[in-house]
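This report concerns only the one structure given below.
The values are calculated or read from the model by the stated rules, or taken from the named source; none is laboratory data. Because the structure is a prediction, the values reported are computed rather than measured. Positions of Cβ are generated from backbone atoms using ideal geometry, with glycine treated the same way; all protein chains shown enter the neighbour counts. Side chains included, ligands, DNA and RNA excluded: accessible areas come from the protein's heavy atoms. Shrake-Rupley method; radii C 1.70, N 1.55, O 1.52, S 1.80 Å.
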Amino acid sequence: MRVEIAGEPQRGDRPSEDFVASSGDAFVLLDGCSSPVAMENGCEHGTAWFVRRLGVHLLARLVDRPDRTMAQCLSDAIAETASLHGARCDLAHPNTPAAMVVAARAHGSGLQYLVLGDSQLVLDREGNYAVMGDNQPFPAGEGLRRQVHAAAHGSPERASLHMRYALAVRAARNTGHGPWVASALPRAAEHAETGTAPLAELRAFAALTDGAARFVDRFDLGGWPDAMRLMDQRGPAELLRRVRDAEASDPACARWPRGKAKDDATALYATLR
């Protein structure tokens, strides 16, 4: 398995809230759930710290515990990461640091995978593509999200609407009334999309945070076959470059309405033969 990784933070003056790592036969990719700057989260560590710890614990579980299912490995990693928080961290806070997760490992004759949240996993079965992810919609918040996108970028109205939307999502997540994400509640792992793909059928696969998946989902620079072919021929860094060019060409979010003009973006591309 040959693995290529590329990642870029949203801004150069603060760390990315994405995390990606590979051991050769397993990988994890996490996208931290961002919040408006003014929103408290009850944690003294922050989202970047959380995604790094959760990612490392999850990768270790995937490699060391083949007897545990993918969901069980994520559940274990969530519990282990929660134990690292100190007494001054309020893990019951609805905005406690959280992340979207994509993970996979070679296990016997199959590739076991797990996807939780709006990051995506793409499997290339010799030109037939299967896309997993973006599997935690929040229908109750869609109207408010559209209002955010419709408001002028940088305006007080947009900031106010964004805060209202973020509060609505945080109040609903991991409650059964909204999206499930990896935070401090191990049973959130039960709601991940999991499966196994025969390795003999796979030519390649890719994992992308939503900031990288904008190539297809937001900017329509090509479909998934185009994105996979681009990463195969020129690497995931080229896909991120084209996403950044699109973002730079539309700083006011007018041509492509979206919540953030730029986002952390990370992509992993692996070929099996």
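General observations
- Looking across the range 125-170 at every residue that is among the charged types (D, E, K, R) and under 20 Å from Asp210 (Cβ atoms), the one that is most open to solvent (accessible area, probe 1.4 Å) is identified as Arg146.
To keep it simple, each residue is scored yes or no on (1) open to solvent by less than 10 Å² (accessible area, probe 1.4 Å); (2) of a type outside the set (Asp, Glu); (3) assigned by the TED database to the domain that holds Val20.
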{"residue": "Asp232", "(1), (2), (3)": "no, no, yes"}
{"residue": "Gly235", "(1), (2), (3)": "yes, yes, yes"}
{"residue": "Leu239", "(1), (2), (3)": "yes, yes, yes"}
{"residue": "Asp245", "(1), (2), (3)": "no, no, yes"}
{"residue": "Ala248", "(1), (2), (3)": "no, yes, yes"}
{"residue": "Cys253", "(1), (2), (3)": "yes, yes, yes"}
{"residue": "Pro257", "(1), (2), (3)": "no, yes, yes"}
{"residue": "Ala261", "(1), (2), (3)": "no, yes, yes"}
{"residue": "Thr266", "(1), (2), (3)": "yes, yes, yes"}
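- Residue match in the range 3-10 (condition: within 17 Å of Arg105 (Cβ to Cβ) and either more than 19 Å from the chain's Cα centre (by Cα) or free of Cβ contacts under 8 Å to residues at least 60 places away in the same chain (or both)): no
- Within the range 83-107, the residues that satisfy the criterion of being closer than 22 Å to Leu268 by Cβ and either out of contact with any helix residue (DSSP H, G or I) (no Cβ under 6 Å at 6 or more places or on another chain) or aliphatic (A, V, I, L, M) (or both) are Ala98, Ala99, Met100, Val101, Val102, Ala103, Ala104, Ala106, His107.
- Cross-chain or 6+ apart pairs with Cβ under 8 Å, the range 178-193 first and farther than 16 Å from Phe138 by Cα, then open to solvent by 60 Å² or more (accessible area, probe 1.4 Å): Ala184/Ala92; Ala189/Gln72
- Answer from Arg214, Arg203 - the residue that is surrounded by 15 or more Cβ atoms within 10 Å (Cβ to Cβ) and under 19 Å from Asn135 (Cβ atoms): Arg214
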